[in-house]
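Engineer: Can you keep this structure in mind? I'll have questions shortly.
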Amino acid sequence: MPYRYLDDIAIADVAFEAWGESPEEMFAAAGDALLGVMLADLAALGREEEMTIELAEDDLEMLLFAFLNELVFFKDARLLLLRSSTLSIGRQGERYTLRADLWGDRTDRCGDLLRTDVKAITLHRFRIEQTEGRWRSTVVLDI
């Protein structure tokens, strides 16, 4: 599991670190960590819905912030819990771009798997760093 939950960062919220050998692996791990807060068992999530999203931001941190917020948006607006099957990050001029193929299921079909509702991604202590060839992010969720 390329993420872990942090108990000592936020009292009323949930915090996690996600990591990977590439930004893509780190983004996918952060998405799974977010979903792991909301679901008791990630492996039990159905694959009834599929979609592709594309995002662009001026820096990598804001791209991760936008990606995670997009997952929360789909949960709230379309009642979808989503995971990434493929995810690519590139550059277009001065901007970072993301294209992700997502799959998942509606919240009303998740039943007993549902745990905590995430309201938003916060910017409190939000960061990405690259050390020793590994990418690591720290994220605090408002629940």
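Taken together, the values in this text are just the output of simple stated rules run on the coordinates, not laboratory data. Note that the structure is predicted; figures quoted are calculated from it, not measured. All Cβ positions, glycine included, derive from the backbone under ideal geometry; neighbour counts span all protein chains shown.
Engineer: Take residue 37 and tell me if it is under 11 Å from the mean Cα position of the chain (by Cα) and surrounded by 14 or more Cβ atoms within 10 Å (Cβ to Cβ).
Structural biologist: yes
Engineer: Which number in (1) of a type in the set (Ser, Thr, Tyr); (2) touching a residue at least 24 places away in the same chain (Cβ under 8 Å); (3) under 27 Å from residue 21 (Cβ atoms) marks the one condition that residue 107 misses?
Structural biologist: (3)
Engineer: Answer with yes or no whether residue 49 is among the acidic types (Asp, Glu), free of Cβ contacts under 8 Å to residues at least 24 places away in the same chain and in contact with a strand residue (DSSP E or B) (Cβ under 6 Å, 6 or more places away or on another chain). So that I can check it myself, show each step before the final result.
Structural biologist: Numbers: among the acidic types (Asp, Glu): yes; free of Cβ contacts under 8 Å to residues at least 24 places away in the same chain: no; in contact with a strand residue (DSSP E or B) (Cβ under 6 Å, 6 or more places away or on another chain): yes.
When the stated conditions are applied, residue 49 does not pass them.
Engineer: A follow-up question, please. Taking residue 59 as the residue in question, decide whether it is surrounded by fewer than 16 Cβ atoms within 10 Å (Cβ to Cβ) and closer than 13 Å to residue 141 by Cα.
Structural biologist: Working: surrounded by fewer than 16 Cβ atoms within 10 Å (Cβ to Cβ): yes; closer than 13 Å to residue 141 by Cα: no.
So residue 59 fails the test.
Engineer: Now for a separate question. In contact with a Ser or Thr (Cβ under 9 Å, 6 or more places away or on another chain), small (Gly, Ala, Ser) and either over 13 Å from residue 137 (Cα atoms) or surrounded by 18 or more Cβ atoms within 10 Å (Cβ to Cβ) (or both): is that true of residue 30 in this structure? Reasoning before the result, please.
Structural biologist: On the way: in contact with a Ser or Thr (Cβ under 9 Å, 6 or more places away or on another chain): yes; small (Gly, Ala, Ser): yes; either over 13 Å from residue 137 (Cα atoms) or surrounded by 18 or more Cβ atoms within 10 Å (Cβ to Cβ) (or both): yes.
So residue 30 passes the test.
Engineer: What strands (runs of 3 or more DSSP E) lie completely within the range 39-121 and have 3 or more residues being of a type in the set (D, E, K, R)? Let's see the steps before the verdict.
Structural biologist: Details: elements: 49-57, 80-92, 95-106.
Output list reads 49-57, 95-106.
Engineer: Any idea which of 52, 97 is closer than 18 Å to residue 128 by Cα and hydroxyl-bearing (Ser, Thr, Tyr)?
Structural biologist: Values: 52 fails: closer than 18 Å to residue 128 by Cα.
Criteria check complete, one pass: 97.
Engineer: Also: Search the range 120-142 for residues that are surrounded by 18 or more Cβ atoms within 10 Å (Cβ to Cβ) and pair each with any residue that is hydroxyl-bearing (Ser, Thr, Tyr) and not in a strand (DSSP E or B) when their beta-carbon atoms are under 9 Å apart and the residues are at least 6 apart or on different chains.
Structural biologist: 135/22; 141/116
Engineer: Does residue 139 satisfy being within 24 Å of residue 50 (Cβ to Cβ), among the aliphatic types (A, V, I, L, M) and under 13 Å from the mean Cα position of the chain (by Cα)?
Structural biologist: no
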